[in-house]
Structures are given as C-alpha cells and as structure tokens.
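Okay, so here's the structure we're looking at.
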Amino acid sequence: MIGSILKAAGKKVVVVGNIGQPIFDVYKDLNRESIAVIELSSFQLEDLKHSPNIAVILPIGEDHLSPLSPQNPNFHPSINDYIAAKAQIAVHQTATDTLIYAADSEFSASIADVAKSQKISVSQLVEVADYFVDRSGAVSHAGEKLAELANLGLRGQHIFLNATLAIATAITLGCRQIDLEQGIINWRPLPHRLETVADKEGIIFVDDSYATNPVAASAAIQSFDQPIIWI
C-alpha cells in the first residue's frame, strides 16, 4: 500500500523483501531518487547492524515461537527474543530517522519507547495520536481529516490501521492527499490475503489462506458483518 501511494505520487519506488521480490533482484537499478519499500521478517531483522531511514512497525502478536515444520525449522526461543528481533528495525536509528508505529500494540509501543528516532504514533483508540483512524475508517492528522477509507474500497479494522500507517509513511515522504486517495484506490491485496475470488448469488468467496496464525485469522473474521462460513 505504501508503494501504491508513492507510485501515485510519481515517485520511483520498488516494493521488495519478504513480501515477494528479493531486493537484490533490483538493487542494480536503484539510484538516489529511488525509494525501496522493504518488508523484513523477524528472522531477516535479527542480525541487522543498521536500521532504515523510515521504519514502520505494525501491531505485534506472538508468532514464530516454535518450528513451523521440519522443512522450515526457524523459530525464536521466547517472546522476548521475538520482540528483540523485531526491534532491530528501529534500534540503530538516529535522531534524523523516523519511526512510524502502531501505538495500540504493547509490543510495538515498547520498541518505540526506546527508539532514538523521531516517532509518529498511529492509533485506533487514542484521538490525540499523531494519526487517528476511527471504526468507520475516517483518518485524521493534526485535526484535519485526510481520508475516508471505507469510501476508498477498504474494509476491516486491521486494514484501516495498515492503511493509516501507510498514509503516515507517505506523508512523511512528501505525498499529497490526492496521492493518498489514488494510491489506496489503485492498491490490491496480495494473493491469498482477504482476496475475493468469487461472488455467486450474493455469497462472497474469500481466500485468506495466508492467515496462518490466530491473530491474523481473528482480524480477517472481524472484517465482515455478514454471516460467515469459515473453512
């Protein structure tokens, strides 16, 4: 979503990392005008010695605390190790860098508490946060309404929060309100993440098979007001 907004603003951007395309596939094509939006997993983060200029921390739930399978044996020994790995995205930042974080998440806020960077809070509960999004999807910043996310085609409280984090990031990078709206309209979810695959006789079929832990599954279920048959 960050990449979609930046593209709508006419910026040179690549979206890479754990989300799909490795950054080394496009590294040689980058220049000083390029912006790389990189999704990093906790396993990619834990050995970092540098943090990015702009770090974004979504809500953090317990995950990766036991081996997924014999073919995928990586795991963190404890929740503290997991949070410590996540914290690497901000721990090496300086006062000239920026940290944008989900303020309602205890673990995300604990990382922000010790960061040395400029901090931008995003909340669904506290209206005095730097960016606030209410349950209807209305996003406000410094007393100004920036977007009505439901009117832009988004649904679900976790999607509203993700979009507001993306908006905060895009504004930090100089995007305008028209860029925010067009970028969100252009955005499409990844395959298997609340992906609508059919609408038959008023029944919507949604593929959310990437929701592989209870937190993700719960967030997906709460995105719907209609009765649900969950397979």
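If you only keep lysine pairs separated by 8 or more in sequence, or across chains, how many in the chain come under 19 Å at the Cα atoms?
6
With every protein chain in place, what's the accessible area of GLU195 (1.4 Å probe, Å², nearest 10)?
Its accessible surface works out to 60 Å², give or take rounding.
Which of SER140, SER41, SER117 ends up with the largest GNM mean-square fluctuation for the chain, with Cα atoms connected below 10 Å?
SER41
Rounded to the nearest 20 Debye, what is the dipole magnitude of the chain about its Cα centre when Lys and Arg each give +1 and Asp and Glu each give -1 at the C-beta?
620 debye
First compute the accessible area of the chain with a 1.4 Å probe, then give the percent of it belonging to carbon and sulfur atoms.
Carbon and sulfur: 53 percent of the exposed surface of the chain.
Which of GLY20, GLY183, GLY202 moves the most in a Gaussian network model of the chain with Cα springs under 10 Å?
GLY202
Which of ILE178, THR212, VAL126 sits farthest toward the positive end of the charge dipole of the range 124-231, with +1 on the Cβ of Lys and Arg and -1 on the Cβ of Asp and Glu?
It is THR212.
Efficiency by 1/(1 + (r/R0)^6): what FRET value for VAL126 and GLN222, r their Cβ-Cβ distance, R0 = 25 Å, to the nearest 0.05?
Efficiency at R0 = 25 Å is approximately 0.80.
Which shape class applies to the range 1-125: rounded if a/c is under 1.5, otherwise prolate when a/b exceeds b/c and oblate if not, where a ≥ b ≥ c are the square roots of the Cα gyration tensor eigenvalues?
Here the range 1-125 falls in the oblate category.
For P(r) over Cα pairs in 10 Å bins from 0, in percent, which listed value, (i) 7, 29, 38, 22, 4, 0; (ii) 8, 32, 37, 19, 3, 0; (iii) 8, 31, 34, 18, 8, 1, 0, comes from the coordinates shown?
Evaluating P(r) over Cα pairs in 10 Å bins from 0, in percent on these atoms matches (i).
Of the options GLY10, VAL26, ALA36, report the single residue whose Cα projects farthest towards the positive end of the charge dipole of the range 1-47 (beta-carbon charges: Lys, Arg +1; Asp, Glu -1).
After comparing all options, I get GLY10.
With the other protein chains left in place, how much accessible area per residue, in square angstrom, belongs to the range 1-64 at a 1.4 angstrom probe?
62 Å²
Would the range 80-199 count as rounded, prolate or oblate if I go by the C-alpha gyration tensor, calling it rounded below 1.5 in a/c and otherwise prolate when a/b exceeds b/c, oblate otherwise? If you can, show how the numbers build up before the last one.
Working: a/c = 1.84, a/b = 1.42, b/c = 1.30.
In terms of gyration-tensor shape, prolate.
Tell me the per residue accessible area of the range 89-146 using a 1.4 Å probe; a whole number in Å² is fine.
It amounts to 52 Å² per residue over the range 89-146.
The values are calculated or read from the model by the stated rules, or taken from the named source; none is laboratory data. Because the structure is predicted, anything quoted here is derived from the model rather than measured. Glycine also receives a Cβ, built like all others from the backbone with ideal geometry; neighbour counts cover every protein chain displayed. Ligands, DNA and RNA are excluded from the accessible area calculation, which covers all protein heavy atoms including side chains. Shrake-Rupley method; radii C 1.70, N 1.55, O 1.52, S 1.80 Å.
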